[in-house]
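The values are calculated or read from the model by the stated rules, or taken from the named source; none is laboratory data. Predicted, not measured: the structure shown is a model, and the values here were computed from it. As a convention, Cβ positions derive from the backbone with ideal geometry for all residues, glycine included, and neighbour counts pool all protein chains shown.
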């Protein structure tokens, strides 16, 4: 699967034109959204079908600096999937040099939009379960 590409904007940097650490978390979300679009089950479709997928935890390890004007590639992959919980992992690389800039992960739960209770995709949304399960095995 193709990586998500992001060109660093000036507003994402500090006075030294180095990307502020909080932006990597936003990029994780952009890459996750891109991945869902690519597999044909967007966030919008999930919400339309009554599925919410809140973030429970985020972890990021910064390996090297990213600067204004550079383009990074963000790879999002399914690390763990139970049908109720999901862990995504991310690798942010410089597009030109392939140097790793950051690695991280996000933890999520699938919940019912009406009850805010955990939902088993295996029982209630078989198609989405199969898509995520397929990503886990890649």
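The set of residues in the stretch 18-32 that are touching a helix residue (DSSP H, G or I) at 6+ places or on another chain (Cβ under 8 Å) and over 22 Å from residue 87 (Cβ atoms) comprises 19, 20. Of all residues in the stretch 44-58, those satisfying the criterion of being exposed (fewer than 13 other Cβ atoms within 10 Å of the Cβ) and within 18 Å of residue 106 (Cα to Cα) are 54, 56, 57. Checked against the criteria, residue 86 counts as in contact (Cβ under 8 Å) with a residue 24 or more places away in the chain and either surrounded by 18 or more Cβ atoms within 10 Å (Cβ to Cβ) or over 17 Å from the mean Cα position of the chain (by Cα) (or both). Among the conditions (1) buried (at least 16 other Cβ atoms within 10 Å of the Cβ); (2) in contact (Cβ under 8 Å) with a residue 12 or more places away in the chain; (3) out of contact with any strand residue (DSSP E or B) (no Cβ under 6 Å at 6 or more places or on another chain), residue 76 misses just one, which is (3). Kindly check whether there is at least one residue in the stretch 111-120 that is crowded, with 17+ Cβ neighbours inside 10 Å and farther than 20 Å from residue 58 by Cα. Yes, the stretch 111-120 contains a residue that is crowded, with 17+ Cβ neighbours inside 10 Å and farther than 20 Å from residue 58 by Cα.
Summed over the stretch 108-128, the residues that are under 17 Å from the mean Cα position of the chain (by Cα) and either closer than 25 Å to residue 5 by Cβ or at pLDDT below 95 (or both) give a count of 2. So, of the residues in the stretch 107-123 that are in a loop (DSSP other than H, G, I, E, B) and in contact with a helix residue (DSSP H, G or I) (Cβ under 9 Å, 6 or more places away or on another chain), which turns out to be farthest from residue 133 (Cα to Cα)? Only one residue tops the list, namely 113.
Listed by position, the strands (runs of 3 or more DSSP E) contained in the stretch 1-90 that have at least 3 residues being within 27 Å of residue 124 (Cα to Cα) are 55-62, 71-81.
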